[in-house]
Every structure is written in structure tokens, then in C-alpha cells.
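Before we start, here is the structure in question, set down as C-alpha cells.
No value in this document is a laboratory result; all are computed from the given coordinates. Just so it is clear, the model here is predicted, and its values are computed rather than measured. Using ideal geometry, Cβ is built from the backbone for each residue, glycine included, and neighbour counts are taken over all protein chains shown.
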Amino acid sequence: MEGFELFKQGAEGRIFKGTYLGKPTIAKERFVKKYRHPDLDSSLTRERIKSESRSIIRCKNAGIRTPALYLVDFNRRIIFMEHFENSIVVKDFISSVSEEVANKLACKVGAALGKMHASNIIHGDLTTSNMLLVNKNNQAVYEELKDLDLIFIDFGLSHIESSAEDKGVDLYVLERALISTHSLAKSIFEQVLDGYKSEYKSGFKEVFIKLEEVRARGRKRTMVG
Amino acid sequence: MVIALGLEGSANKLGIGIMKDGKVLSNCRKTYITPPGEGFLPKETAEHHRQNVTKVLKDAIDQSGVKPSEIDVICYTKGPGMGAPLASVAVVARTIAQLWNKPLLGVNHCIGHIEMGRLITGAANPTVLYVSGGNTQIIAYSRERYRIFGETIDIAVGNCLDRFARVLKLSNDPSPGYNIEQMAKKGKKYIQLPYCVKGMDVSFSGILTFMEERAEKFLKDGYTPEDLCFSLQETIFAMLVETTERALAHCNSQEVLIVGGVGCNERLQEMMKQMCDERGAKLFATDERFCIDNGVMIAQAGAEMFSSGTKMKWEDCFITQRYRTDEVKVTWRND
């Protein structure tokens, strides 16, 4: 990969930064994980590359911002996609702003998720590390929420499913990630659900019932009564 | 200076140990082993603990060289675990606390594993993979709690291994997991099994059912029991390593600590090490003395609680089968 430099090592692979067809580009290489059996590694990698590309395209159709897809190379196990030069991870943004701003953002996140689920896209790994905020004017300023676009990334564990069950699990994964990362988790998640409701009017009720069910399934939870 | 005596009996291991300021003075254990093809049940396990507890307690005190009067605090496993075995040991803890007039502390079993692992390996702030017969959790410390980032949504990984061992009628001595590990070393052919990762959570029940239903057919088709053990280990451990890696990336952590009975599996440690090497992280693991349930880990966590001023009222010294890692306020860490 000429002209690309290592940017960071994510959970699934290495992320490189560079230029492709004159555009700032991220190359996500799902390199061979030596700890896995080669058969398992190649089948999982293929599956994840497929899911990631499919969901990105589906999100685009649904009007949810994700990086634009440039090229999928199965042989080299790389996806080339849009790079946002001025962006901040939602996780870092939330820890740096007031509760009020964090709640507003949470509502925005919820609305986008509502849209995603209305299109039957299950993200599969919703955490605040997998959401970016990008300045609309291409500046490295992240102060006014109205100047920031919300982008979802890391669709490797995503799939397409219309059932409320998978949507409930998706929300539960997010709730748990919030609790383990943010001290404001409770109010943030309430806002997420509010936003979700507003964008997914036809299905939110069923999904919220499932969410309650999924919560009750957690192991070794204290049960009263 | 704190001398703590810990009693553990949440599953089929009865363990009693004594710690003095981070040094192990004694670590005695007796395991209830069932015949091949059978698991351990609460009633019989509690019976085993009751029959052996005075002998193990006497050994632990004799080996430690301390007199009961020198002990500062009695610690026991409050939960999580099986009710009857937990109660059989808690009764002994209550009795000696009154007999010797010592304070009594109920310890969360998972916290015991984490604190013992940190002490033995010197890992300061690791992302913890806790894997045993009853638990599978990925844990990281944040804001005075050990937070659960990922966990199994159905059965524990050790439970999956134990029950698979019953399918093949492997011996439970010294443990089903150990025997699977030895057989897996001779396995060659890899069978693709279901692989179930949901974010940072994992699921094992589907894999177990898949194996239970097809094991016989695989064996007829020319696969050996060794191949089955190999394929199962490779699949479920890959799931654990992958989710641990997700938690590492999310927390920007550079340390992994493996604790719990399944944690002494060398293949799991090897796979985790490869993952850590690929991202410049460090792996910490312990051997069977501390990985497998034991009394000193309860003593160690109890000693930390005691030193930071935790007191427990007599009426709070009960046992509970459900007791999540994140319910405990961590008063002894100041980071």
C-alpha cells in the first residue's frame, strides 16, 4: 500500500491513512490473526468484510452518515473508505462537554439509530468509540453540536434483520457500553431512547419491550420478588 | 499488617488459605470429583464440603504457622455460586469468627479472582478476562467499580467445556477442561463450528448443542475425539480473544489479565499472548494454584476490603447465588 501510513490498530485490524483517487482515505486491513485457526480466520474475515460493505451501502440509502466506500479488496483483506480528517470520537466528545450537550448529542445518536433499525440494519457493536463527530466546515473545531455531523463506523459485526429481538440486543449492547464508559450513562441512554422513538415510530414499542426482556437475561443479576 | 483467612466453596472446589500482607502463608484445596459423564450437583457438593472443611481448615492453619489469635479477619465467599455449597462454607466462617472473636467479611468471588491475579502478576490496571465453569466476563476498572464490558449471554465457557467432556465421557479428574486440553494437543482436523460474538458479548450454548447433536456422527465420519476437542477449543477461545481485544481497543488498555479456572489452559494463554504481541500489549496469567478457585484469593480481596475500612454487619453476612462483579464498590483502589 504505497503512500499509506499506519494510523492506529483497531479492534479488528490495522487502520492506514493515505490518498486514493485524490481523496483522503482510510484503509482498514483485517490482517491475518495468528491466534486463530487459518480456516476460521479466513471465513470470519470474509464474512466481516462483506457485512461491513453491505451495511455501509444500506446506511447510505437510509440517509445515515457513514464513511463512503471506495474499494473492497478481498484478496488483500482491505476496505478503502472515506477518511474524515477533522473528526472526534463520540466517547472523547462526551467526556469533554457539559451534561446538557451530551444529552443533546445522545438524542441525535438515538434518532440515527432509530433510522438505522427502521431500515433493518443491526450494527452489532454499538459503542461510543464507533461513532464520530465531523465538523461540517472541515475545521478541527468541535464546540457547536449543530456544526457537527454524526458518523457511524465499524460495521464488521453488522447484519440485516427485521426482528425486534436483534434490535433490542443492539440497544442493550449500547447501554452496557455506555454504563462501562460514561458516568452520565443513565441520562444519556434515556436521551438515546427518546431520539430513537422519534425516528422509529412504527417499531419502537416492540423493540423497547424486547430491550426489557434482554436486560432481564443478564447473568447473576440480583432479582427481587 | 493484616493476616486474613479466606474460605471458598462456591462450586466443587473447597479452598481455605491464609494471607499475610500479600504473602501466601497457606493455600489448601480439596476438589469434589464426579465420575465420567456426570457433573457436580449442589446437594452432593455441599455434602463433600461439609465432610472435608474441618480437615482443610486445620491443614491451612498448620501450614501457615499462625495461631488463630493472630488472624485479623475471616473472609468467606458471599457469592456468586451454588447455594448449598456456599452455605456449607459460610456456616464455618461464621462459626470460627464467633469462636475466635474476629470480624467477618463476605467477598465477591469474581473480585477475589481479580485481586489475586493483580497481586501475583503485578498487573496494575489490566483488562481482565475472567473465565471459569460458572462465569465468563470481560472486566475493566473504572470509577470505583470493576465494570463488565462483555460477558456470556447464556452458559459460561467452562460449563460448555465440562458438558462437552460429558459427551465424550472424559474423566473429571483432575478436571474435564484439563483433559480436553490434553486431547486437543493431538487434534489435527479442524471442524467449522458456530461462532457467536455479539459486540463484546459471547454465546456458547449454540456451540454446545451443535456438538452434542453431531459428536457421534463426526466420530463415525472419521474424526477423532481429539479433533473434536481441538476444534471446540480453537473456536471458543478465538471468541474470547476477539472480545477481549475489542475491550482493549475500546479502553485503550495495554494489559490483559486472565483469571478463573479456564485461565490455566495453556492454549488460551498462547492465543491471548499472540493477540497481545500483535498490538504491543502485555499478557498476565497465573497457574493452577491461583487460577482455579482457592481460599487465598478470598483472603486477599478480603484483606484489601478490611484495610480500606470495610466492615460488614452480622446480618449482612449471608450468601447469595447472584452477585455481580459490578455491584461491589471498590474502596481499596485510588485510581
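Taking B:K311 as the anchor, which aspartates and glutamates have their alpha carbon closer than 15 Å to its alpha carbon, excluding any fewer than eight residues away along the same chain?
Straight-line reach from B:K311, under 15 Å: B:D72.
Another question, if that's okay. Using only C-alpha atoms and all pairs of different ones, pull out the Kirkwood radius for the protein assembly as shown in Å with one decimal.
Answer for the protein assembly as shown: a Kirkwood hydrodynamic radius of 25.0 Å.
Round to a whole angstrom and tell me the spacing of the C-alpha centers of region B:288-335 and region A:93-112.
36
Restricting to chain B, compute how many DSSP beta bridges are antiparallel as a %, nearest 5.
Counting only bridges with both partners in chain B, antiparallel ones make up about 60 percent.
What is the sum of charges around B:R166, taking Lys and Arg as +1, Asp and Glu as -1, for the other residues whose C-beta is under 13 Å from the C-beta of B:R166?
With Lys, Arg at +1 and Asp, Glu at -1, the neighbours total -1.
Continuing with the same structure: Name the residues whose placed amide hydrogens come within less than 5 Å of the amide hydrogen of A:T25, ignoring near sequence neighbours (fewer than 5 apart) on the same chain.
Sorted by chain and number, the residues that satisfy this are A:G18, A:T19, A:Y20, A:H83.
Per q in 0.09, 0.19 Å⁻¹, report the Debye log10 I(q)/I(0) for region B:83-239, using one uniform scatterer on each alpha carbon and no solvent.
-0.41, -1.19
Which of the lysines could a cross-linker span from B:K13 if the Cα-Cα distance has to be under 24 Å and same-chain partners fewer than 8 positions apart are dropped?
Within the straight-line limit of under 24 Å, B:K13 reaches these lysines: A:K220, B:K23, B:K30, B:K43, B:K55, B:K58, B:K78, B:K169.
If I fit a long axis through the Cα atoms of helix B:157-167 and take the longest principal axis of the Cα atoms of chain B, what angle between them do I get, 0 to 90°, rounded to 10?
So the inclination is approximately 60 degrees.
Return, ordered by residue number, the residues of region B:110-150 whose backbone nitrogen is under 19 Å from a label point located 7 Å along Cα→Cβ of B:D316.
B:110-112, B:144-146
How far, in nm, would the chain grow between A:S198 and A:D39 when pulled straight, counting 0.36 nm per residue and subtracting the alpha carbon separation? Present the calculation step by step, with values, prior to reporting the outcome.
Numbers: separation 159, 0.36 × 159 = 57.24 nm, distance 4.40 nm.
Full-extension gain reported as 52.8 nm.
Taking only DSSP H segments of four or more residues, each worth -39500 (n - 2.57), what value at 222 nm results for the protein assembly as shown once the sum is divided by all its residues, to the nearest 500 deg cm²/dmol?
-14500 deg cm²/dmol
Check which residues have an amide H placed less than 5 Å from B:E255's amide H, if you skip close sequence neighbours.
Excluding prolines and chain starts, which carry no amide H, the hits are B:T127, B:K282.
Now a separate question. Relative to the longest principal axis of the C-alpha atoms of chain A, give the angle of the C-alpha long axis of helix A:164-181, reported between 0 and 90° and rounded to the nearest 10°.
Roughly 80 degrees, rounded to the nearest 10.
Whole Å is fine, so just give me how far the alpha carbon centre of region B:167-191 lies from that of region B:192-270.
14
Nothing charged except the Cβ atoms of Lys and Arg (+1) and of Asp and Glu (-1): what's the magnitude of the dipole of the protein assembly as shown about its Cα centre? Round to the nearest 20 debye.
Numbers: 76 positive and 71 negative charges, 72 e Å.
Computed charge dipole of the protein assembly as shown: roughly 340 debye.
What list do you get for B:T235, B:T224 if you sort them by fewest beta carbons within 10 Å?
B:T224, B:T235
Another question, if that's okay. Compute the signed sum of charges (Lys and Arg +1, Asp and Glu -1) over the other residues within less than 14 Å, Cβ to Cβ, of A:V134.
For residues surrounding A:V134, the net value is -3.
Work out the length of the dipole vector of chain A about its Cα centre, built from +1 on the beta-carbon of each Lys and Arg and -1 on the beta-carbon of each Asp and Glu, and round it to the nearest 20 debye.
560
Turning to a different aspect of this structure: Spit out the partnerless Cys residues in the protein assembly as shown, using Cβ distances under 4.7 Å as the pairing rule.
Here A:C59, A:C107, B:C28, B:C75, B:C110, B:C160, B:C196, B:C229, B:C251, B:C276, B:C317 come out as lacking a disulfide-compatible partner, given the Cβ-Cβ threshold of under 4.7 Å.
Need the full-extension length gain, A:K205 to A:D73, defined as separation in residues times 0.36 nm minus the C-alpha distance. One decimal, nm.
43.5 nm
Placing +1 at every Lys and Arg Cβ and -1 at every Asp and Glu Cβ, with all other atoms neutral, what dipole size does region B:174-293 have around its Cα centre, in debye to the nearest 20?
220
Kindly list the residues of region A:52-93 that lie in the label zone of A:D147, defined by a backbone N under 12 Å from the point 7 Å along the Cα-to-C-beta vector.
Counting only backbone N, you get no residues.
What fraction of the DSSP beta bridges in region B:122-288 is antiparallel, stated in percent and rounded to the nearest 5?
Details: 12 of 21 bridges.
Beta bridges within region B:122-288, antiparallel portion: roughly 55 percent.
Let me ask another. Can you give me the orientation-averaged projected area of the convex hull built on the Cα atoms of region B:168-268, in nm²?
7.0
If we count other beta carbons within 10 Å of each Cβ, what is the order of B:M19, B:M312, fewest first?
B:M312, B:M19
Also, I was wondering about something else. Please work out the Cα center distance from region A:14-82 to region B:1-48, rounded to the nearest Å.
Measuring centre to centre over Cα atoms gives 48 Å.
With both partners inside the protein assembly as shown, how many of the DSSP beta bridges are antiparallel, as a percent to the nearest 5? Please list the in-between numbers first.
On the way: 56 of 74 bridges.
In the protein assembly as shown, DSSP labels about 75 percent of beta bridges as antiparallel.
In degrees between 0 and 90, to the nearest 10, how far off the longest principal axis of chain A does helix A:99-118 point, with axes built from Cα atoms?
On a 0 to 90 degree scale, this one is about 80.
Can you divide the C-alpha Rg of region A:5-82 by 2.2 N^0.38 Å and report the result to two decimal places? Can you show the working numbers first?
Numbers: Rg = 13.0 Å, N = 78, 2.2 N^0.38 = 11.5 Å.
Working it through for region A:5-82, the quotient is 1.13.
Past 18 Å, Cα to Cα: identify those pairs from A:K146/A:K167; A:K167/A:K205; A:K104/A:K146, in the order given.
A:K146/A:K167, as the Cα separations exceed 18 Å there.
Further question: Give, in nm to one decimal, the length gained when the segment between A:S95 and A:S163 is fully stretched (0.36 nm per residue of separation minus the Cα-Cα distance).
Computed gain between A:S95 and A:S163 is 21.1 nm.
Run the numbers on chain B and let me know its relative contact order in percent, using alpha-carbon pairs under 8 Å that are six or more apart.
26
How large is Rg/Rh for chain A, to two decimals, with Cα atoms and a Kirkwood Rh?
0.98
Which pairs break 29 Å Cα to Cα here: A:K33/A:K115; A:K91/A:K115; A:K108/A:K210; A:K28/A:K210?
Result: A:K33/A:K115; A:K28/A:K210 exceed 29 Å.
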